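As structure tokens, the structure follows; a few thoughts come after it.
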Amino acid sequence: AEITEMIHTASLFHDDVIDEADTRRGQPAAHHVFGNKMAILAGDYLLARASISLARLRNVDVVECMSTVIEHLVRGEVLQIKDSRTGVTDMEGYLRKNFYKTASLMANSCKSAALLRGNVTPAVVDAAYCYGKHIGVAFQLIDDALDFEGSAASLGKPALADLNAGLSTAPVLFAAESLGHQLIPAMARKFKEPGDVELALRCIHEADGVNRTKKLATIHAEKAMDAVMGALEPSPFRDSLVHLACRVVDRSS
């Protein structure tokens, strides 16, 4: 868990510099307080400490799993940069990017926990990976929906932050499926012209994009629950994993 959180926090330091974010969890982003160089070095330092801790586990399979996470984080960021240049992507590509940026960390962390436990069957290891993957996808989809529903106080960042940054997230992509003739030109110019944000909001409302995003998140949460229900014996621990999957889709911040 410590290794996972160090990798996660390092990625946030770097992401905020790349995205030129003003806030993180309701507070000024690190690069605003300490400058870009210090924020990047802080992220690098956390990755280095995570690598040292990982090596000390003396488990080759876990080292491979968690090293893959770092590779995927970079892949996801590259895909996001490519998407931000064109302004347009599709749902399949968007979910692939979200797997690299979010779900891979959770999937491989859960898998690593199972591997460290020892004497578990391959089915349990696979179930742990599947659980983390679908939890990660669901978490990001709910984040997408909350960006259109929440406030700065509840989200820790300005509402409509993704839209104002020119990013087409799941609610926008759902709207584009039926209203693409109106929406795709605005997506291509990253909602920079006057009225583009209002157009996107209207299309999302007409296409029920936010609720469809939540429904897709619920499907992934159910897949996560199915993974552990099918592979683990009844126990308070299994119940906690199921409860966590429910909490991911019911959260409001």
**Request:** Please specify each residue of segment 216-253 satisfying the condition of being assigned to a helix (DSSP H, G or I), exposed (fewer than 15 other Cβ atoms within 10 Å of the Cβ) and charged (D, E, K, R).
**Result:** D239, R247, D250
**Request:** Go through segment 74-101 and give me each residue that's open to solvent by 30 Å² or more (accessible area, probe 1.4 Å), modelled with pLDDT of 90 or more and touching a Phe, Trp or Tyr at 6+ places or on another chain (Cβ under 7 Å).
**Result:** R75
**Within segment 20-46, considering residues that are crowded, with 17+ Cβ neighbours inside 10 Å and within 17 Å of the chain's Cα centre (by Cα), the one nearest to L146 (Cα to Cα)** = R24
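Restricting to segment 37-92, count the residues that are β-branched (V, I, T), touching a residue at least 24 places away in the same chain (Cβ under 8 Å) and within 19 Å of F13 (Cβ to Cβ). Can you show your working first?
Step one: filter segment 37-92 for residues β-branched (V, I, T), giving 40, 52, 60, 62-63, 68-70, 74, 78, 81, 86, 88-89.
Right, trim to touching a residue at least 24 places away in the same chain (Cβ under 8 Å) and you get 40, 62, 68-70, 81, 86, 88-89.
Add one more test, that the residue is within 19 Å of F13 (Cβ to Cβ), and what stays is 40, 69-70, 81.
The total comes to 4.
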**Asked** Given (1) in contact with an Asp or Glu (Cβ under 6 Å, 6 or more places away or on another chain); (2) among the β-branched types (V, I, T); (3) in a helix (DSSP H, G or I), where does I81 come up short, assuming only one miss?
**Response** (1)
**Asked** Going by the conditions given, is R49 over 18 Å from the mean Cα position of the chain (by Cα), assigned to a helix (DSSP H, G or I) and among the basic types (K, R)?
**Response** yes
**Message:** I'm trying to understand the selection: among the residues of segment 117-166, which are of a type in the set (A, V, I, L, M), outside any helix (DSSP H, G or I) and either in contact with a His (Cβ under 6 Å, 6 or more places away or on another chain) or at pLDDT below 85 (or both)?
**Reply:** A159, L160, A165
**Asked** If you check T23 against the conditions, is it within 21 Å of V125 (Cα to Cα) and not small (G, A, S)?
**Response** no
**Fill in**
Across segment 52-72, the tally of residues that are part of a helix (DSSP H, G or I), open to solvent by less than 50 Å² (accessible area, probe 1.4 Å) and farther than 15 Å from L105 by Cα stands at 1
**Prompt:** Considering segment 38-82 alone, what residues qualify as being closer than 23 Å to A165 by Cβ and of a type in the set (D, E, K, R)?
**Reply:** R75, E77, K82
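The values are calculated or read from the model by the stated rules, or taken from the named source; none is laboratory data. It should be emphasised that the depicted structure is a prediction, and the values quoted were computed from it without experimental measurement. Every residue, glycine as well, gets a Cβ built from its backbone with ideal geometry; the counts of neighbours run over all protein chains shown. Surface accessibility is based on the protein's heavy atoms, side chains included, excluding ligands, DNA and RNA. Shrake-Rupley method; radii C 1.70, N 1.55, O 1.52, S 1.80 Å.
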